[in-house]
Structures are given as structure tokens and as C-alpha cells.
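Engineer: I have a structure I would like to understand better, so I am pasting it below and will then ask my questions one at a time.
The values are calculated or read from the model by the stated rules, or taken from the named source; none is laboratory data. What you see is a predicted model, and the numbers here were worked out from it, not measured in a lab. No Cβ is skipped: glycine too gets one built from the backbone with ideal geometry, and neighbour counts run over all protein chains shown. Just the protein is used for accessible areas: all its heavy atoms, side chains included, with ligands, DNA and RNA removed. Shrake-Rupley method; radii C 1.70, N 1.55, O 1.52, S 1.80 Å.
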Amino acid sequence: MMVSFMPCCARRDSALRWLAGLLLGFWLAVASAAQASDKSTISQAAIRATPQGYVLDGEANIVLNSTLEDALNRGINLYFLLELDVTRPRSWWFDEDIVDSVRKMRIYYHLLLRRYVVEAGYATRTAATLGEALAMLGQVDAWQVLERGALKSGQRYDARLRLRLDTSQLPKPLSIGAVGGDRWELATPWYVWSFEAPAFSPPTASP
């Protein structure tokens, strides 16, 4: 009498394929989450009115890869550019360009002080740890981007903001090497939002 084992083998192969697919899906999910957490991003941004004009407040989560972190700890200066574009939508023509502004920033490790130094605008601050320094670098407070009267109160505007490493400021051998790979690259995706131009508060009367 002949005994067939084919149904049993078929069930086992099907179970193995199902298990392999489950493990592959789990690995892809973990890898995707790890990759997402390893990217720098702009988490928030807003434009508000002050007596001097319009300023931008924002926050960036900056993540350095191992190459950039090692270069920083060896005393290499890292320069960053915070880029802002503001436009006014027009249904009958191209959008009107309102402002294209760039803020230059720098971070470096002071070997003698053994502290990180962050320069943004006219402000210079120091931090004991890299995490604190990157948090300082990513915090944007009252960046003057437009003069008073540049926006029409109540008018809708579109804005986008990003932060990127200025590879042109790297030492020459590193700058040349940056062209061929992503070890020396860092750029957030554009953070895009729309807003109505805020009105200025009337000046308070003197007593």
C-alpha cells in the first residue's frame, strides 16, 4: 500500500512561507521606523507680528550621522542654513514671492573648553553635551524675516522652511568628498504651511 505525504508537506511549506512573510514584514517595519527616527525634521514653525516687523519661531529636530558627529568632535566646524520662502497665492498669475530669507548658523566643539558652541544670528551659546547643543541649534526664536507692512493683514500666505548643512563651508577635502556620497549631507524635508498675516497690536498709550 502506498502512503502519500504531499498534503502534510504542502501544509508545512505554506506555514513556513507565512512565517517568513511575517518576519519580513516585521523587519521592514522596524527598519522603516529606525530610518524615520534617524532623519532631521522641522517640527513646527509660525510667523507672528512684533512692533519691529514679522518674526519666525520654529523648532528643528537635528540628528547627526556618525560621520558628522565624529567630525564635530574632532574640531571641524559645521555650518547650517535655515531657509525660508514666503509667497502669496494668486489665482490669475504665478504666486508672488514675498521673501526668500536665509539664516546662517554654526556649531563646533571647543577643544580647550570641552564644550559645544552654537552660533545663530548674533547669539552665541555653549552646551556641555551634543544633545543640548543640537537642541539649541534647532530652536528658532524671534528670527526677524520681514519688515512691518510687508504683509497685508488678513491675507493668506504660503510658507516653507528647511534646515540643511552648508557643505560648501566644509574643509576642501571634505567638501569635495561630500559631492560623491551622503555621509556629509544633512537636510530636513521642507516644512510647508499656510497662514493669515497677523495684525499688529495698536501701541499702548503713555500714562
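Engineer: Give me a count of the residues in region 65-78 that are over 14 Å from Y109 (Cβ atoms) and touching a residue at least 60 places away in the same chain (Cβ under 8 Å).
Structural biologist: Total meeting the criteria: 2.
Engineer: Still on this model: Only one of (1) surrounded by 17 or more Cβ atoms within 10 Å (Cβ to Cβ); (2) more than 19 Å from R183 (Cα to Cα); (3) out of contact with any His (no Cβ under 7 Å at 6 or more places or on another chain) is not met by V117, so which one is it?
Structural biologist: Condition not satisfied by V117: (3).
Engineer: Hey, can you tell me all the residues within region 69-100 that are of a type in the set (G, A, S) and outside any loop (DSSP other than H, G, I, E, B)?
Structural biologist: Hit for region 69-100 is A71, nothing else.
Engineer: OK, next. Which ones in region 94-114 are open to solvent by less than 100 Å² (accessible area, probe 1.4 Å) and either under 20 Å from the mean Cα position of the chain (by Cα) or not charged (D, E, K, R) (or both)?
Structural biologist: Listed by number, the residues that qualify are I98, V99, S101, V102, R103, M105, R106, I107, Y108, Y109, H110.
Engineer: Give R160, R125 a once-over and let me know the one that is within 16 Å of the chain's Cα centre (by Cα) and either closer than 26 Å to P51 by Cβ or assigned to a strand (DSSP E or B) (or both).
Structural biologist: R160
Engineer: Check off (1) exposed (fewer than 14 other Cβ atoms within 10 Å of the Cβ); (2) without any contact (Cβ under 8 Å) to a residue 24 or more places away in the chain; (3) under 17 Å from the mean Cα position of the chain (by Cα) for S91 and give me the number that stays unchecked.
Structural biologist: All conditions are met except number (3).
Engineer: Can you name the residue in region 164-180 that is modelled with pLDDT under 65 and part of a helix (DSSP H, G or I) and, of all such residues, is farthest from L68 (Cα to Cα)?
Structural biologist: I176
Engineer: How many of the residues making up region 128-157 are surrounded by 17 or more Cβ atoms within 10 Å (Cβ to Cβ), assigned to a strand (DSSP E or B) and not aliphatic (A, V, I, L, M)?
Structural biologist: Going through region 128-157 one residue at a time, the tally reaches 2.
Engineer: Quick check: is even one residue across region 121-128 at pLDDT below 95, within 28 Å of K39 (Cα to Cα) and charged (D, E, K, R)?
Structural biologist: Taking every residue of region 121-128 in turn, none turns out to be at pLDDT below 95, within 28 Å of K39 (Cα to Cα) and charged (D, E, K, R).
Engineer: OK, next. State the number of residues belonging to region 66-88 that are open to solvent by 60 Å² or more (accessible area, probe 1.4 Å) and of a type in the set (K, R).
Structural biologist: Qualifying residue count for the region: 1.
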